[in-house]
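Just so it is clear, none of the values below were taken in a lab; they were calculated from the coordinates. These figures come from a predicted structure and were not determined experimentally. Virtual Cβ from ideal backbone geometry, glycine too; neighbours counted across all protein chains shown.
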């Protein structure tokens, strides 16, 4: 089964009208299922321009009361499935109340792919992890009995702590590359890595995520959700795409589901500006564009080449510049992509350190060094052989 995304790309997450106003020719955009009811008219306008939409069924929200009680979430046809233990223990209930409605909702709304239902866990030995594999198998069974269904993406939801243990990451790879899954799915959708921030993660975590992405990407599309600048690193290593959005969507934490949204306090996004040369944002409270002599000529920066003052325009700037960075490596080989990104990360490190030394700015640099290190390590990677293939090769050598 050939990859559908022939070149690595960036997929924006739908939140408002920024995608529609950006003027960027995105191949796909992603929307959380309940957002179809939140901004339905704007969504329809967006999909008229960008027909290929990926619908995340966000079934992990069924585990958290503050999520499944939201009015928009309650409009989903599977919103009443909140007895997670019954989902795990009762196959008939799970199939009729969750698996089939999740498939039908995506088909009805003309999703480009079908994403199987999934639950959230940070323990690969848990019943929830094994139940996710069961629901993937049930989704495959239903789709096999139907004609002309969209291709299937296998969802993978794991915790950041798992990524530090190579035995566990190998186990995840083996589970999702096993049959009947591997030959039947179009690719893999790493929905999020719980409590994972690519700027704060240690090198072992980054390496674990990169290894999973690379090994699954051998002949399949791999799309990673909730990721910032490290998404460019994974694209160079082997991913087909990463998903994020301006004003959020680059990290994921269980607190976002466990707490009422009005009690979650993050940064004031209206004060932050995306600087692609740094792979990150700079706060106005930290440095103004005039202090760093930064100029941008993108369509979002309409004020004579300076950063726009309106937050909506800053979101457009983010989308344009993030996609432009991806397009820099179009047509390059994997080695060329990696080398290009290593050079850009080195330049970003030098630029950030210059701001720190010359302006006293509190800009983080360590994550850029770690990302560059991951790229250098990945250069020598090879795809793992499964046991049958390895045995055949050993016999041929013997």
* Structure fact -> So the FRET efficiency between residue 347 and residue 27, C-beta based with R0 = 35 Å and rounded to 0.05, is 0.80
* Structure fact -> Between the alpha carbon centres of the stretch 1-40 and the stretch 200-224 the gap in Å comes to 21 Å
* To do: Quickly estimate the mean residue ellipticity at 222 nm for the chain, helices only: each DSSP H run with n ≥ 4 gives -39500 (n - 2.57), and the total goes over all residues, rounded to 500.
  => -12500 deg cm²/dmol
* Asked: In whole Å, what is the distance between the alpha-carbon centres of the stretch 320-369 and the stretch 42-78?
  -> 34 Å
* Asked: If you count the DSSP beta bridges with both ends in the chain, what percent of them are antiparallel, to the nearest 5?
  -> 25 percent
* Cα axis of helix 203-216 to longest principal axis of the chain: angle in degrees, 0 to 90, nearest 10? -> 50 degrees
* Asked: Only one of the listed values, (1) 0.96; (2) 1.03; (3) 1.62, was derived from the coordinates as Rg/Rh (Cα atoms, Kirkwood Rh); which label is it?
  -> (1)
* Between 0 and 90°, nearest 10: helix 387-397 axis offset from the chain longest Cα axis -> 90 degrees
* To do: Sort 339-346, 317-324 for me by packing, meaning the mean count of neighbouring Cβ atoms within 10 Å per residue, highest on top.
  => 317-324, 339-346
* What ranking, highest mean first, results for peptides 326-337, 120-131 when packing means the other Cβ atoms within 10 Å averaged over each residue? -> 120-131, 326-337
* May I ask for the angle, rounded to the nearest 10°, between helix 166-177 and the longest principal axis of the chain, with both axes built from Cα atoms and the value confined to 0 to 90°? => 60 degrees
* To do: First check a/c for the stretch 185-226, with a ≥ b ≥ c the square roots of the eigenvalues of its C-alpha gyration tensor; if it is under 1.5, answer rounded, and if not, answer prolate when a/b is larger than b/c or oblate otherwise.
  => oblate
* Structure fact -> Packing-ranked peptide list from 23-36, 226-239, highest mean Cβ count within 10 angstrom first, is 226-239, 23-36
* Where labels lie 7 Å past Cα in the beta-carbon direction, separation of residue 200 and residue 108 in nm -> 3.9 nm
